[in-house]
Each structure stands twice: as structure tokens, then as C-alpha cells.
Amino acid sequence: MTAVLRRLFLVATPLALAVALWWHPAGGSDIYEDVRGDVGAWLFVHTTFLFFTPLLGIATYMLLRGVESSAATVSRVALVFFLVFYTAYEVTVGIGTAILVDYANGLPAADQAAVAGAIQDYNENWIVSDPSVSFVLGGLGWIVAMLAAAVAFRRAGAGWPVTVLVGFAALFAIHPPPVGPVGLACFAAAAVLIERARARRAKAVAASTPHAGVAPAGTAL
């Protein structure tokens, strides 16, 4: 992947997901009643989530390239928990709920109450609900990944703007707007600063060693 495509991917991925999240319905305690009028938006947002969650994980791994420390290792391991459990949570509660609500909307009014009760019970299940095992492990995975990455970048020589922006990217764990989009915007802004620093570093190395042409693979910033 060329440098231009890499930078585009690192910035466009979180920003595209941030835009999609603004259509996230508010939800509420009565799942069927709160979602039934916005089932299209609910399905759109969570289907987008399904495709962008792994892309966001890839973007994070790319952002950490060349950063080798215990904090960076913690970040990479935590990302695995985020990718596995947060994806499971979004598919089951997000897409699953949308499909069930859409089905209930097509039933006679007399039958909707029974399905609404099943939807409520589904969303209160301790394995997949909010909160649940999947949500907690996935959300904590992202929070730990971002906080550990912030520490790793700081130790690698990054300034406080990068450190703070990467740390605030942890807000994405609470994904409904405005919190989730703000966290993703912080991720994108941090990516811009990190890539600019790496480009300056590469130019400096190329200028001092004309035959090398690129920065060493292990150079973080």
C-alpha cells in the first residue's frame, strides 16, 4: 500500500463510520417501541458497524506500525478482544434486533406484543445485551487499546496532541452520537499528525542518507 492510500485509509475509515453513527437512533428501555419507527436507520447503522469494525482494527494496527514497546503490545492484544467481542455484540444486538423489530412491524397489532416481549428479553440477555459479557469485553478492549496506544506513542516521542487525541479515541466505546463520532474524529486527527511526523522523519532520513530512501522499519515517528 502506498503512503497516500495508507493515509487515506487511516483517516477515511474512522470518519466514514463517524458520519454513519449520526443516524444511530437513540433507543431506550422499551426496545420495540423505541426502535420500531427507526428500524431502517437502526439496521443501516449496525450493518455499517459490521463492515467497519474490522477496518477500524486494521487501521489501528497500521497506526502502530514500527512502535515496539510493552504498551504497544498491550494495545495490539486488547484490539483482538475488541474485534471479537464488539463485533459479536453489534451483530446480535444491533442487526438481530433490527431484523426482529422489522418482522414484528409486519404482524397484526394483536401479535406484536408477544414478539415485542421476545425482543425485550433478547436485548436483556447477559451474554449479548447492553451491558453484557460481549459489550463489556469488547468495549474495554477498545478503551485499553487506545489508552495503551497513547502511552506507546508518548514513549516513542510523540507530542501531547497525539497522545491526547489517541487517548480520547477511547470514547468510541460508547458509540451512539455525539460521543462515538467524537472519539472517531480524535482517531482520525491523531492519524493525520502521526503520518505527518513519519513523513517528516522519512524525509530527514532520506536527506541524510540519500541511498537509503526510507526511514528504518522500526521508526515510530
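Listing for the model above:
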{"item": "Inter-label distance, nm, simple model (7 Å from Cα along the C-beta direction), THR73/ALA41", "result": "4.6"}
{"item": "Relative packing of peptides 44-52, 186-194 - highest average C-beta neighbours within 10 Å first", "result": "186-194, 44-52"}
{"item": "Ratio Rg/Rh [Cα only; Rh per Kirkwood] for the stretch 33-127", "result": "1.17"}
{"item": "Cα-based radius of gyration of the stretch 1-86 once divided by 2.2 N^0.38 Å, which approximates compact folds", "result": "1.36"}
{"item": "Candidates ALA149, ALA18, ALA197, ranked by Gaussian network fluctuation over the chain, Cα under 10 Å, top entry", "result": "ALA197"}
{"item": "Per residue convex hull volume, Cα atoms of the stretch 92-221, in Å³", "result": "128"}
{"item": "For the chain, built as a Gaussian network whose Cα springs stay under 10 Å, the top-fluctuating residue of LEU43, LEU184, LEU79", "result": "LEU43"}
{"item": "Charge dipole magnitude, Cβ of K and R +1, D and E -1 - the stretch 1-80, Cα centre, debye nearest 20", "result": "540"}
{"item": "Largest-first principal axis extents of the Cα set of the stretch 85-135 (Å)", "result": "35, 16, 9"}
{"item": "Gap separating the Cα centres of the stretch 119-175 and the stretch 30-98, nearest whole Å", "result": "10"}
{"item": "Computed accessible area, ASP102, all protein chains, 1.4 angstrom probe, square angstrom", "result": "90"}
{"item": "Of the DSSP H helices in the chain, those whose Cα atoms cover at least 15 Å axially and whose Kyte score averages -1.0 or more", "result": "3-21, 39-63, 70-81, 109-123, 133-155, 179-208"}
{"item": "Calculated FRET efficiency for the pair ALA16/SER208, C-beta based, R₀ 41 Å, to 0.05", "result": "0.60"}
{"item": "Approximate spin-label separation ALA118-LEU5, in nm, with each point projected 7 Å along Cα-to-Cβ", "result": "4.6"}
{"item": "Pairwise label distance in nanometres, MET62 with LEU137, each label 7 Å out on the Cα-Cβ vector", "result": "2.8"}
{"item": "Residue with peak Gaussian network fluctuation, the chain [Cα springs, cutoff 10 Å], from ALA152, ALA104, ALA170", "result": "ALA104"}
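The values are calculated or read from the model by the stated rules, or taken from the named source; none is laboratory data. Since the structure is predicted, the reported quantities are computational estimates derived from the model, not experimental observations. Positions of Cβ are generated from backbone atoms using ideal geometry, with glycine treated the same way; all protein chains shown enter the neighbour counts. Keep in mind that these areas ignore ligands, DNA and RNA; they rest on the heavy atoms of the full protein, side chains included. Shrake-Rupley method; radii C 1.70, N 1.55, O 1.52, S 1.80 Å.
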